[in-house]
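Colleague: After the structure tokens below, expect a handful of questions from me.
The values are calculated or read from the model by the stated rules, or taken from the named source; none is laboratory data. Worth saying up front: this structure is predicted, and the values here are computed from it rather than measured. Glycine gets a Cβ as well: all are built from the backbone with ideal geometry, and neighbour counts include every protein chain shown.
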Amino acid sequence: MDGIQAAVLQIKLRHLEKGNQLRRGHATHYDRVLNGIEEVTTPARAEGVRHVYHIYAIRVQEKEEVIRLLGEKGIGCGIHYPVPIHLQEAYRSLGYQGGTFPIAERSAKEFVCPYHQWTYDLDGTLLGLPFRRGYRGQGGMPADFRPEEHALQRLAVTQRHGVVFASFGAPNETLETYLGDRMLGYFDRVFDGRELVVLGYMRQRIPSNWKLMFENIKDPYHASLLHVFLVTFGLFRLDQQSAVEMDDAGRHAVLVSRKGAQETNEATAQMRAFKANFALRDKRLLDPVREFPGDATVVMQTLWPNLIVQQQSNTLAMRQIVPLDARSFDLAWTFFGYADDTPEMRQRRLRQANLMGPAGLVSLDDSEAMLLSQAGIDGNDAANCLVEMGGRGVANEAHMVTETAIRGFYQHYRSVMGL
């Protein structure tokens, strides 16, 4: 504060109490005239304290419309605060993060429909809509329109170790019982409570039915035949120590494998994808380091109905299947690491991520295979597909030469669909 400011404020201090009293009087008048208007929430008055009403802040359902009408009457107003105080740049040094003061953050944030600009708060409550009462006596919503009857659909939400799950349905069990002990163990192996850091996103549209994506991840048998990278460099191959495990219902599954050598043997002799003379110019691409319990280098987990959690060497990702129609779906990839990763580990995760995604050195093959599969399905509704590798039953297996997880998936799918 400079000397001139101090001199002015020294004079103003003599009138401070009078100014406070005037503002309290104005606030009492506002309270009286706004009382009973259900769309307006006025400032609360606490017992034993006196508010100086530096600002008379109200909450309204039609924020933009109220600001416009007040402006037409020459009454000044503003949004207080569009960014909560603790998240403003001036207070960054205090170290507050999002979520520290949830009520303030919820009051400052809103969803706005880009089409008709209906505005909702973060709880899904409809705050307002333009021209609810029309314009100059024309149009507007019916007199009995009630905003509280038009909230956004609420989802059932839960979280575990930083991963948020949301469901349109009303779950009749907890996430933990839904996954079961075996699947929960594999989930917690990756999501062990450490702070997560998103490293990047990818998204692709695949012209096939969404179930083919789950078939793909639940099918270890194809990986030894289709993927040159997996087979040649021993990342995921049926002659390696491996396992297929499911929950009791067959809806969730994991494929587990241990990295092997690039060598010609009885198994690789039957794999056209195996290229004994292929070599990496930069061997760091496939340079995994051990970071999880056990010796598994690949764990692919599928969680019904649309989530894939993958650990391929040191690259970590989640894939979400978003069905669009019977013949297409979006696949959304989220690559992540941990906040305590070293710079070297983070670089390793990003480098190995080149195996995955729409143009990944491995995943690229899957997209084309699903396209061809869909082409074979179209127009052949009465035909059958054969998934009898490894037998006809549904059981955990200590090898990859099986389609048991696909059979488990369709067993549960048919049960859910009543087929």
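Colleague: Based on this model, can you work out whether GLY379 counts as at positive phi and either touching a residue at least 24 places away in the same chain (Cβ under 8 Å) or part of a helix (DSSP H, G or I) (or both)?
Modeller: Values: at positive phi: yes; either touching a residue at least 24 places away in the same chain (Cβ under 8 Å) or part of a helix (DSSP H, G or I) (or both): no.
When the stated conditions are applied, GLY379 does not pass them.
Colleague: So if I check each of THR315, THR334, THR302, which one is surrounded by fewer than 19 Cβ atoms within 10 Å (Cβ to Cβ), under 30 Å from LYS211 (Cα atoms), of a type in the set (Ser, Thr, Tyr) and touching a residue at least 12 places away in the same chain (Cβ under 8 Å)?
Modeller: THR334
Colleague: Would you pick out the residues in the range 318-331 that are of a type in the set (Gly, Ala, Ser) and either part of a strand (DSSP E or B) or surrounded by 15 or more Cβ atoms within 10 Å (Cβ to Cβ) (or both)?
Modeller: Taking the range 318-331 as the starting set, the residues that turn out to be of a type in the set (Gly, Ala, Ser) are 326, 328.
Passing the criteria: only SER328.
Colleague: Let me ask something else. Please specify each residue of the range 178-212 satisfying the condition of being among the aliphatic types (A, V, I, L, M) and over 30 Å from ALA339 (Cα atoms).
Modeller: Passing the criteria: ILE206, LEU212.
Colleague: Then there's this: Filter the range 379-418 down to the residues that are under 32 Å from the mean Cα position of the chain (by Cα), loosely packed, with under 14 Cβ neighbours inside 10 Å and within 18 Å of ASN209 (Cα to Cα) and list them by number.
Modeller: Scanning the range 379-418 gives ARG414, VAL416, MET417.
Colleague: Next up: Within the range 184-224, can you find the residues that are of a type in the set (Ser, Thr, Tyr) and crowded, with 16+ Cβ neighbours inside 10 Å?
Modeller: Within the range 184-224, TYR186, SER208, TYR221, SER224 qualify.
Colleague: Additional query: Which residue, of LEU307, LEU235, is among the hydrophobic types (A, V, I, L, M, F, W, C) and surrounded by 20 or more Cβ atoms within 10 Å (Cβ to Cβ)?
Modeller: That would be LEU235, the only listed residue that is among the hydrophobic types (A, V, I, L, M, F, W, C) and surrounded by 20 or more Cβ atoms within 10 Å (Cβ to Cβ).
Colleague: Given the criterion surrounded by 10 or more Cβ atoms within 10 Å (Cβ to Cβ), over 30 Å from GLU148 (Cβ atoms), at pLDDT below 85 and over 48 Å from the mean Cα position of the chain (by Cα), identify the matching residue among LEU16, LEU9.
Modeller: On the way: LEU16 fails: at pLDDT below 85.
Of the residues listed, the single one that is surrounded by 10 or more Cβ atoms within 10 Å (Cβ to Cβ), over 30 Å from GLU148 (Cβ atoms), at pLDDT below 85 and over 48 Å from the mean Cα position of the chain (by Cα) is LEU9.
Colleague: Here's something else I'd like to know. Within the range 1-101, considering only helices (runs of 4 or more DSSP H) that don't extend past its boundaries, which have at least 3 residues that are more than 30 Å from CYS113 (Cα to Cα) and not polar (S, T, N, Q)?
Modeller: Numbers: elements: 3-12, 16-34, 63-72.
The helices (runs of 4 or more DSSP H) meeting that bar are 3-12, 16-34.
Colleague: Out of GLY128, GLY162, GLY139, report the one residue that is over 30 Å from ARG346 (Cβ atoms) and either touching a residue at least 40 places away in the same chain (Cβ under 8 Å) or touching a strand residue (DSSP E or B) at 6+ places or on another chain (Cβ under 9 Å) (or both).
Modeller: GLY128
Colleague: For the range 58-109, enumerate the residues that are within 29 Å of the chain's Cα centre (by Cα), exposed (fewer than 11 other Cβ atoms within 10 Å of the Cβ) and of a type outside the set (Gly, Ala, Ser).
Modeller: Passing the criteria: PRO82, GLU89, ARG92, LEU94, GLN97, ILE103.
Colleague: Right, something else. Read through the list (1) within 26 Å of GLN240 (Cα to Cα); (2) at pLDDT 90 or above; (3) outside any helix (DSSP H, G or I), then give the number of the only condition that LEU350 fails.
Modeller: (3)
Colleague: Is it true that SER208 is over 21 Å from GLU368 (Cα atoms), in contact (Cβ under 8 Å) with a residue 12 or more places away in the chain, assigned by TED's automatic domain parsing to the domain that holds VAL362 and out of contact with any Phe, Trp or Tyr (no Cβ under 6 Å at 6 or more places or on another chain)? Give the derivation first.
Modeller: Working: over 21 Å from GLU368 (Cα atoms): no; in contact (Cβ under 8 Å) with a residue 12 or more places away in the chain: yes; assigned by TED's automatic domain parsing to the domain that holds VAL362: yes; out of contact with any Phe, Trp or Tyr (no Cβ under 6 Å at 6 or more places or on another chain): yes.
Here the answer is no, as SER208 does not meet what is asked.
Colleague: Within the range 157-251, which strands (runs of 3 or more DSSP E) (wholly inside it) include 3 or more residues that are more than 26 Å from the chain's Cα centre (by Cα)?
Modeller: 242-246
Colleague: Follow-up question, since we're still on this one. With over 30 Å from GLU65 (Cα atoms) and not charged (D, E, K, R) as the only criterion, which of LEU13, LEU34, LEU22 stands out?
Modeller: Details: LEU34 fails: over 30 Å from GLU65 (Cα atoms); LEU22 fails: over 30 Å from GLU65 (Cα atoms).
Going through LEU13, LEU34, LEU22 in turn, just one is over 30 Å from GLU65 (Cα atoms) and not charged (D, E, K, R): LEU13.
Colleague: Here's another thing I want to ask about it. Say we look at the range 20-49 and pick out the residues that are charged (D, E, K, R) and at pLDDT below 85; which of these is farthest from TYR135 (Cα to Cα)?
Modeller: Looking at the filtered set, the residue picked out is GLU47.
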